[in-house]
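J.: A single structure is presented below for examination.
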Amino acid sequence: MRNTGLAGLAAGLTLVAGFTLTAEARIKLVALPDRAATVIRLDNPQVTLIEEERVLTLQKGLNQVDFSWNGVEIDADSIRLSFRSHPGGVNLLNVSYPPDEAALVWEISSAEAWEEQVRISYLLRNIDRVIEYRALANKEETCLDLANYVILRNFSGEDFAQARVLLDYGDALEQGINHEETKRVLFCRQTAVPIEKVWKFDAAIHPWDPDRLTANVGIPVSYRVVNTASNGLGRFALWGGKIRVFQDDGHGGTIVLGEDTTALVPIGEKLEIYIGDSRDIVVMQRKMRDKQINVRRNSGNTVVLYDTDEIIAAQVENFKDKPARLTMIQHIPGQWDMEKCNLEYERKDAGTLEFRLDLPPRGKQELVMHYHRRNVRGKP
């Protein structure tokens, strides 16, 4: 046990006959009874809930239990006590907080002299978890093995020799963790998870004519994983964390593809793991027409509103010997309508269009959008 921390908490039990003991008269035992069980709940990324069970020996009548936490950062307002063995015969009458002490005193009424199993719960600071993934893709890049690790970090001031660690999904971990200790534990693993390799061009981010640039220009490449049961996942949401991606080189070794950070991926949603940029696919995009139409002027002949007539054409070429799927994102600000488009698209929001182009090996494809922006304000 540590002498500073919850393992060294003092508990005083005494029978009170019609009066309340002062702080000076509290009787403290050397230590609380040993924990019968401890649960560390990490399902909230902001706070950590500790639930511990202990057995207290209560006398018939009134008892005082002194609970202190020197050297441990507990949220005092979060401390709760519940009775497990005789919930109808044991009652918590009041809680007092001695001045200038990291402590509280429970006054407990017991109908009989019992050994009472109690549960003490509280929010403990400086103990948390980090989620980390390791993804190993096969040589053909059709599936990967996904290992999910939880990194436990304890700087709370308290030792936990044995605890049941719970996230909000998956099986519990039976792990002890001491103060100033960090542990990396394999949480779950799924093999042969299907992946789709996708390229993504965003017209708001990437250059329209990369041949005119002196710097190396590539299109981001990602592995797309869908969090569904049919893919071997889908039992729970995937917490956000760092993902390191490797690939089988076909000769018994692995190569490093990249590192990415993902947000929470709910069940049924897509996880996209960035693995780098590629010049295997080239997008050349140009604005072929941009004119003002339906011009409206005020009495001073100043243009106040107008519509536009715009055409954008993009040539996409796949230099790979394999087929590829390109996600192309286009943006049209303000109010608009599409007059003609040669490819289908999904409208992600008011001004964002997403196209999915399936490119054959060594093949080309063209996108042409003819649209009008409406009620554009004239320049002052």
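J.: Consider the stretch 343-380. How many of its residues are in a loop (DSSP other than H, G, I, E, B) and either touching a residue at least 60 places away in the same chain (Cβ under 8 Å) or out of contact with any Leu (no Cβ under 8 Å at 6 or more places or on another chain) (or both)?
T.: 11
J.: Report yes if Glu310 is in contact with a Ser or Thr (Cβ under 7 Å, 6 or more places away or on another chain) and either under 18 Å from Gln285 (Cβ atoms) or among the hydrophobic types (A, V, I, L, M, F, W, C) (or both), otherwise no. Show your work before the answer.
T.: Working: in contact with a Ser or Thr (Cβ under 7 Å, 6 or more places away or on another chain): no; either under 18 Å from Gln285 (Cβ atoms) or among the hydrophobic types (A, V, I, L, M, F, W, C) (or both): yes.
Considered against the rule, which asks whether it is in contact with a Ser or Thr (Cβ under 7 Å, 6 or more places away or on another chain) and either under 18 Å from Gln285 (Cβ atoms) or among the hydrophobic types (A, V, I, L, M, F, W, C) (or both), Glu310 comes out as no.
J.: Among the residues of the stretch 321-350, what is the count of those that are surrounded by 14 or more Cβ atoms within 10 Å (Cβ to Cβ) and either closer than 22 Å to Thr308 by Cα or among the hydroxyl-bearing types (Ser, Thr, Tyr) (or both)?
T.: Number satisfying all stated conditions: 8.
Computed from the coordinates by the stated procedures, all read-outs in this text should not be read as laboratory data. Predicted model only: the values in this text are computed from it and were never measured. All Cβ positions, even for glycine, are placed from backbone atoms using ideal geometry, and neighbour counts span all protein chains on display.
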